[in-house]
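Novice: A single structure is presented below for examination.
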């Protein structure tokens, strides 16, 4: 019985149709392996990322009481627009942007330079990611192509370019540890993109980025 079974298997393997099917399956498997290798070789992924822009803080040059506030969070404002009145000093925006925070405490005393309104300039939005120094940081260079996704829009892929790689780690203090293991530092990587192409992207959105280092 066993001999008969082996003979049948050998007969099947010699069958041209069976050979064609086996060959096709092998080709498909090799193609899948190649695509997987191509998509993962020469890339660095940064999971901990978000969309953000530098914060612009508006304050008075002289000390005084907050007498009036002319904007609220979420307002789109133009350049040279009055945003608050501290004492007799009118605080105005220096460029257009979006208000992301206000100190809405009428009657409170504000020292010179203390922010009363915070804003961002939408054109300055970029993807900022934090990467461990041993997870491919040395491979990332300014000018490399990058793609990213944001949690709010599922699997939609956005395109950008590496704009900067942190010169110093995110840890600016002194670490104390009872472990003999060396601490792993993290560094920021910033990716710029064409804001006009992706108007749906907003400050603070969570993102994941892939840097193409090959």
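Novice: Can you spot a residue in the stretch 150-160 that is under 22 Å from residue 51 (Cβ atoms) and outside the structural domain of residue 192 (by TED's automatic domain parsing)? Working first, answer last.
Specialist: The initial filter retains those residues of the stretch 150-160 that are under 22 Å from residue 51 (Cβ atoms), namely 150-160.
Remaining after also requiring outside the structural domain of residue 192 (by TED's automatic domain parsing): none.
No, there is no match, as no residue in the stretch 150-160 is under 22 Å from residue 51 (Cβ atoms) and outside the structural domain of residue 192 (by TED's automatic domain parsing).
Novice: Out of the residues in the stretch 99-117 that are surrounded by fewer than 17 Cβ atoms within 10 Å (Cβ to Cβ) and in a strand (DSSP E or B), which is nearest to the chain's Cα centre (by Cα)?
Specialist: In this case the residue turns out to be 101.
Novice: Just to verify a result, which residue in the stretch 61-77, among those that are within 36 Å of the chain's Cα centre (by Cα) and outside any strand (DSSP E or B), is surrounded by the most Cβ atoms within 10 Å (Cβ to Cβ)?
Specialist: By that ranking, first place goes to 71.
Novice: Let me confirm something: among 214, 192, which residue is touching a strand residue (DSSP E or B) at 6+ places or on another chain (Cβ under 9 Å) and loosely packed, with under 12 Cβ neighbours inside 10 Å?
Specialist: Matching residue, one of 214, 192: 214.
Novice: Let me ask you something else. Within the stretch 129-165, restricting attention to residues that are over 10 Å from residue 187 (Cβ atoms) and in contact with a helix residue (DSSP H, G or I) (Cβ under 9 Å, 6 or more places away or on another chain), which residue is surrounded by the most Cβ atoms within 10 Å (Cβ to Cβ)?
Specialist: The extreme case among them is 158.
Yes/no matrix, rows are residues, columns are (1) under 27 Å from residue 127 (Cα atoms); (2) modelled with pLDDT of 95 or more:
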| residue | (1), (2) |
| --- | --- |
| 40 | yes, no |
| 50 | yes, yes |
| 82 | no, yes |
| 86 | no, yes |
| 95 | yes, no |
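The values are calculated or read from the model by the stated rules, or taken from the named source; none is laboratory data. Everything quoted here is computed from the prediction, not taken from an experiment. Don't worry about glycine lacking a Cβ; one is built from the backbone with ideal geometry, like all the others, and counts go over all protein chains shown.
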